[in-house]
Every structure is written in C-alpha cells, then in structure tokens.
Amino acid sequence: MGPLAGIRILDLTTVVMGPYATSVLGDLGADVIKVEAPDGDVIRKVGPSRGGELGPLFLHANRSKRGIVLDLKTEAGRCALLRLAETADVLVHNTRPRAMERLRLGPAVLAGVNPRLVYVTACGYGQDGPYADRPAYDDLMQGAAGIAALMAESGDGVPRYVPVNVVDRSVGLHTAIAILAALRHRDATGRGQDVEVPMFETMASLVLGDHLGGLTHLPPTDGGGYGRLLSQQRRPYATADGYLCVVVYDDRQFHGFLRVAGREDLLADPRFATFAARAQHAGPYQGEIAAIMRTRTTGAWIGLLRGADIPHAEMHDRHSILEDPHMQAVGFFGAAEHPTEGAVRSMRIPTRWSDSQPAPSRLAPGLGEHTREVLAEAGLSPTEIDRVVTPDGERSTSRANPA
C-alpha cells in the first residue's frame, strides 16, 4: 500500500521531470493516473523497445501509474478530466501555463471544481518574470543555471552538459517535495492551492549553494566558486592499472593517507598543513594525491585505504554497477515480466522503512491502458466513456499489467 495510499494524483506531465516526480510518489503508494494525449508522451519513443511504445526512459519514469488517454482539446476530454479532478488530491502538469488557460484548465477553473485540489505547475521559469513563456529543457537549464560554465572552468575550458538529466531529476524531486508539503497544508487547513515549481530558479539555488562563495557578502569578498569542486584534479584518480575514487578530506584522513602511502614528508608543506590551507590550495593538493595514486595498483590501494578507513569507492560504469556486490546484497536490481517488453530490469525504491515499506505497484502502462477503468471509477457511463475514448485510447486497454 505504501505511506501515500489514498492520495490520487492526476499526472499531465511529459518527458522526464514531471513523470519522475510522480513516479516517486507512485512508488510511495499514491494512485497516479498518467493522462496522455492520443499520440502519447514523446519519451515513449526514446531508446530500444520490443513493443514499439515503451522505451527505457518511459519505463523507469512511469512505473506505479495507471495510464489513460484524453484529448484535452475536445470538450469530451476536458469534461472527463474535470470529473476526475472532483475527487483527486493533486493535478500536476508541465505545459506552459498560458496553454493550460487556453484549454480552460487553469488553476482557477480546477479550484472551482475541487477547492481542496493541489494544482502544481512544473515550468521552466517563474511566471512573474520576463522569461515566463520560454521553453525549457534539461540542457537549456544546465546552461542557464551555470553548470555548463562550471564544467568549462573545472575542465579544458569547453562548456559541457553533465551527461545525466540532472536538472529534470533534481527539479522533479523538488516537485515531489512541494506536492507533499502542499498536501500537508491542505490537510491542516482544508484548502488546496496553486503551486509553481520553476526549473531555472530551483537549479540556481542548487548550483549557487555551492558556488556563490564570497559573492554571498555585500560587497563581495571574493569572486565566488568552491575551489575543491572546481579543481581540474577533482576526478577519479588514475592508479597503476585503472582508476579509483578517493576523498582525502579532513586531517585524520590526510594523515592516514600519507602514512599508508609513505609520504609523511608532505606534512611539512604549509600548503597542506591544515584543512583550511588544503582548501585554499585545492589544485596542488589534489595534484599531489593524484601523483601518489599512480604508484600502486587499484587492488593494492583498496587494501591500504580500507585498512586505514580512508573514503574510497570503485569507479563503476553502467555495466559494472549491475554486478556490484553491495547492490546484489541489498537486492537493488530485480526483474519483472512486462506484457509487451518481456523481461525487464527494475530498480527497487532506495529507502528502507520499518513500517509501511513502499514498493512499485505496477509497471509502466501502455498508451491508454486504463482509460475505461479510470473513467468508470469517476462515474462516467459507458456512453460517456465511448465519447471520450479515441481509437488510440482503445489500445492496450485489455492488457494485463502485473505489479
């Protein structure tokens, strides 16, 4: 059942950010109803798919959901959504707000249908600023929030994007948090509200939390930036036969590392004598660590560092992490049988609960798989449902979808 059992969420989001947020809530027990247009969420087509409509990104960001198709540009589709909203707790979308207003599905309309509804807009930019109507994607927000410039500063001078949808997933988590907080407020006051989660402002707060530095002060005390994070040496260290991730951070770790490395002579260097000095000279400090790491094999270092309790971790890629012994011991990866995709790999919820342990409730839905089921629950008659269901919406409705 999960801790959010009894909460119903109408999920009108697409691509990654919004679907990731709602999948987190679905895994925690919420009844998430994914509402798609007749042609489906575009992310369905990204990556390999045995059945042709369920790529890996979609599969992982849309588990624990039921899926329906509504054409919100039609009166029948719009009215069906309003019927669903009457008993929903949350409606979340990432369509530009003006488009939702044109559909007559803005927050005021929904509040008139259900005053207790939490209406969440996940958008690119705050709607009271001049960028309100600009489109937003992960790459654009990485650049706008300063991540691409940080990659250049800490690397070879060429701006790059982090090869993970880091904005979508970070802002997705903020969206999930905002939804939970708004539900807490609703339960305390009886009132729903309109909540806006902008990507630009959210990521600016995340990036500048690390890098505002002396720009925090007025007037500034330095040019900003956290030296340790910006050091070009901050990377997995090359060993004699591979790579190893090592963090030698506080004084205890530094002294222990020099002891097992046989380089206690570095304690006499004033640049490295204290934590503050090492932070000020992060580049040279990490350069010395890098030179030392090249003198032994990865296996030899793991033995030495483990014995001295120095933080380290093997450097995985997307293949080797699947075989990691810790991941196997905690049962992080599993397998399930999908009706169209066959055997698929799954990932468990990473949190552990002493009571109400959540778990994914179902695999990602086929396009329109639960349309008739959900609309019937909302009280629509068979005739009304027939007016709503499109030919595309009929697809997959008879498929079983095991948990």
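Only the coordinates and a few stated rules stand behind these numbers; no lab work does. Since this is a predicted model, take the numbers as computed values, not measurements. Every residue, glycine among them, receives a Cβ derived from its backbone with ideal geometry; neighbour counts consider all protein chains shown.
Report the antiparallel proportion of the DSSP beta bridges in the chain as a percent, rounded to a multiple of 5. Around 35 percent of the beta bridges assigned by DSSP in the chain are antiparallel ones. In terms of overall dimensions, the C-alpha atoms belonging to the chain reach 84, 53, 40 Å along their principal axes, ordered largest to smallest. In this structure the amide hydrogen of Ser346, modeled in the peptide plane, comes within under 5 Å of the amide hydrogens of Gly334, Ala335, Ala336, none closer than 5 places in sequence on its chain. Here's how it looks for Val32: its modeled amide H is under 5 Å from those of Ile9, Arg66, which are all 5 or more places away or on a different chain. If one computes the Cα centroid of region 36-59 and of region 202-278, what distance in Å separates the two points? Comparing the Cα centres of region 36-59 and region 202-278, I get a distance of 42 Å.
Computed from Cα atoms, the angle from the helix 17-27 axis to the main principal axis of the chain rounds to 80 degrees. A Förster radius of 45 Å combined with the Cβ-Cβ distance from Asp241 to Ser354 puts the calculated FRET efficiency at roughly 0.55. When peptides 38-50, 21-33 are sorted by average Cβ neighbour count within 10 Å, with the highest value leading, the order is 21-33, 38-50.
Phi angles across region 380-386 convert, under the Karplus curve 6.51 cos²θ - 1.76 cosθ + 1.60 with θ = phi - 60°, into 3J(HN,Hα) values of 6, 6, x, 5, 5, 5, 4 Hz, Gly and Pro given as x.
Quickly work out the Leu208-to-His326 label distance, labels modelled 7 Å from Cα along the C-beta direction, and quote it in nm with one decimal. Going from the His326 label point to the Leu208 one covers 3.4 nm. Taken one residue at a time, the phi angles of region 89-106 give Karplus couplings (6.51, -1.76, 1.60, θ = phi - 60°) of 9, 9, 10, 10, 9, 10, 7, 4, x, 5, 5, 5, 5, 5, 7, 6, 10, x Hz. Gly and Pro are set to x. Relative to the dominant Cα principal axis of the chain, helix 251-261 is inclined by about 60°. Close amide H partners of Val197, meaning residues 5 or more places away or on another chain with modelled amide H under 5 Å apart, are Thr121, Ala122, Cys123. Of the GluC sites (Glu not before Pro) found in region 260-316, none is in coil by DSSP with at most 12 other Cβ atoms within 10 Å of its Cβ. Note that region 191-198 has calculated 3J(HN,Hα) couplings of 10, x, 6, 9, 10, 10, 10, x Hz, one per residue in order, obtained from phi through the Karplus relation 6.51 cos²θ - 1.76 cosθ + 1.60 (θ = phi - 60°); glycine and proline are x.
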